[in-house]
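Note sheet for the following structure.
The values are calculated or read from the model by the stated rules, or taken from the named source; none is laboratory data. Because the structure is predicted, anything quoted here is derived from the model rather than measured. When we count neighbours, we look across all protein chains shown, and the Cβ atoms used for this are built from the backbone with ideal geometry, even at glycine.
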Amino acid sequence: MVSYGGSRGGEARGNAEPIGRALVAQLGDNQFLVTGFHCRVDFHPAGTAQQQTTQAIVVGTGQTPSALIDGKWQHRQFLRVEEGTYENGVFQSDRILNGDQTDWGLDFGSDSEVLRVSLATY
């Protein structure tokens, strides 16, 4: 999910100018490359392709994104969020973001950032 104009823990109301953008690329199972400007990117459990077509998946609200899938609540968890760059086709991690930096999602401002994100559900 991508939102624009939100503040930490606040509801997204859109940017004053239409300047926000995001790019999310899936690298593997539960691993993504994420970048953006003036936006917040977050992930919600989606279930399997079969679950998505055979049942209504209810998305929860709150700080930790969650979804009701097969009668059980599943919650998103960031296992690891690394900021870095690619050099010669290899991701070079510069730092690991902590929970205080990711608890409301991945916030992108005007600085260029590339994040490698590993996710899990519980």
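With respect to the conditions (1) closer than 15 Å to VAL2 by Cα; (2) over 14 Å from the mean Cα position of the chain (by Cα); (3) not charged (D, E, K, R), GLY71 falls short on a single one, namely (1). Among the residues of the stretch 74-122, the ones that are loosely packed, with under 14 Cβ neighbours inside 10 Å and without any contact (Cβ under 8 Å) to a residue 24 or more places away in the chain come to 13 in all. Is it the case that some residue within the stretch 47-60 is surrounded by fewer than 16 Cβ atoms within 10 Å (Cβ to Cβ) and either among the acidic types (Asp, Glu) or in contact (Cβ under 8 Å) with a residue 40 or more places away in the chain (or both)? Looking for residues that are surrounded by fewer than 16 Cβ atoms within 10 Å (Cβ to Cβ) and either among the acidic types (Asp, Glu) or in contact (Cβ under 8 Å) with a residue 40 or more places away in the chain (or both), one finds none in the stretch 47-60, hence no. For the stretch 93-112, a residue qualifies if it is of a type in the set (Ser, Thr, Tyr) and more than 12 Å from the chain's Cα centre (by Cα), and the qualifying residues are SER93, SER110, SER112. Residue selection: VAL24 satisfies the criterion of being among the β-branched types (Val, Ile, Thr), at pLDDT 85 or above and surrounded by fewer than 17 Cβ atoms within 10 Å (Cβ to Cβ). Select from the stretch 12-35 the residues that are at positive phi and in contact (Cβ under 8 Å) with a residue 40 or more places away in the chain and list them in ascending order. Of everything in the stretch 12-35, just one residue is at positive phi and in contact (Cβ under 8 Å) with a residue 40 or more places away in the chain, namely ASN30.
Under the condition of being touching a Gly at 6+ places or on another chain (Cβ under 8 Å) and under 19 Å from GLN77 (Cα atoms), the residues counted in the stretch 21-52 number 3. Checking each residue in the stretch 35-49 for being closer than 25 Å to GLY14 by Cβ and not hydroxyl-bearing (Ser, Thr, Tyr) picks out GLY36, PHE37, HIS38, CYS39, ARG40, VAL41, ASP42, PHE43, HIS44, ALA46. Given the structure, is LEU68 free of Cβ contacts under 8 Å to residues at least 24 places away in the same chain, over 25 Å from GLY20 (Cα atoms) and out of contact with any Gly (no Cβ under 6 Å at 6 or more places or on another chain)? Judged against the criteria, LEU68 is a match.
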